[in-house]
């Protein structure tokens, strides 16, 4: 994530924060979809000159497939919408289990619930 204060986007930051720190609170279907997205990303990352890696079957077996009916249903509105929907569900349904850690100086979201330094403004509250 870009840490230029001029490009800070609270909506994107909260999505990334929840996704990074509270993945363990996702439903089985959300986890399955997340895993399939990771596999698809890896296949895309290792594709060279339009040729996917030789072990695509392994990726599909290990990570799942985007065309799995459960996954496809979760992604019907796209990846970004899926991530926001999961974020919103977690923040609404499990608000008591989620702590959004913000810098006391600039009020931007920091990296983890335990962080004591802001990577946006450099403030340190150790």
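Any read-out appearing in this document is the output of simple, stated calculations on the displayed coordinates, not a laboratory observation. Every value quoted in this text rests on a predicted model; they were computed, and no experiment measured them. A quick note on method: Cβ atoms are made from the backbone with ideal geometry, for glycine too, and the neighbour counts reach across all protein chains shown.
Please build a GNM for the chain, connecting alpha carbons under 10 Å apart, and tell me which residue among 43, 14, 109 fluctuates the most.
In this elastic network of the chain, the residue with the biggest mean-square fluctuation among 43, 14, 109 is 43.
Let's test the formula: R0 of 25 Å, r as the Cβ-Cβ distance of residue 96 and residue 19. What FRET efficiency results, to the nearest 0.05? If you can, show how the numbers build up before the last one.
Numbers: r = 19 Å, r/R0 = 0.76.
Once rounded, the FRET efficiency stands at 0.85.
Please give the helix 10-21 orientation as an angle from the longest Cα principal axis of the chain, in degrees from 0 to 90, rounded to the nearest 10.
Approximately 70 degrees, to the nearest 10.
Summarise the long-distance tail of P(r) for segment 30-87 by giving the % of C-alpha pairs beyond 14 Å.
53
For segment 9-53, just say rounded, prolate or oblate: build the C-alpha gyration tensor, square-root its eigenvalues into a ≥ b ≥ c, call rounded for a/c under 1.5, and beyond that prolate if a/b exceeds b/c, oblate if not.
Here segment 9-53 falls in the oblate category.
For the chain, what is the calculated [θ] at 222 nm in deg cm²/dmol (nearest 500), taking -39500 (n - 2.57) for each run of four or more DSSP H residues and dividing by its residue count?
Mean residue ellipticity, 222 nm, calculated: -14500 deg cm²/dmol.
What length, rounded to one decimal in nm, is gained on full extension from residue 9 through to residue 125, with 0.36 nm per residue of separation minus their alpha-carbon distance?
Working: separation 116, 0.36 × 116 = 41.76 nm, distance 2.26 nm.
Gain in length upon complete extension: 39.5 nm.
At a temperature of 4 °C and a viscosity of 1.567 mPa s, determine how fast the chain diffuses translationally according to Stokes-Einstein, using the Kirkwood radius over alpha-carbon pairs as Rh; express D in µm²/s, rounded to the nearest whole number. Walk me through the numbers on the way to the answer.
Numbers: Rh = 16.4 Å.
It comes out at roughly 79 µm²/s.
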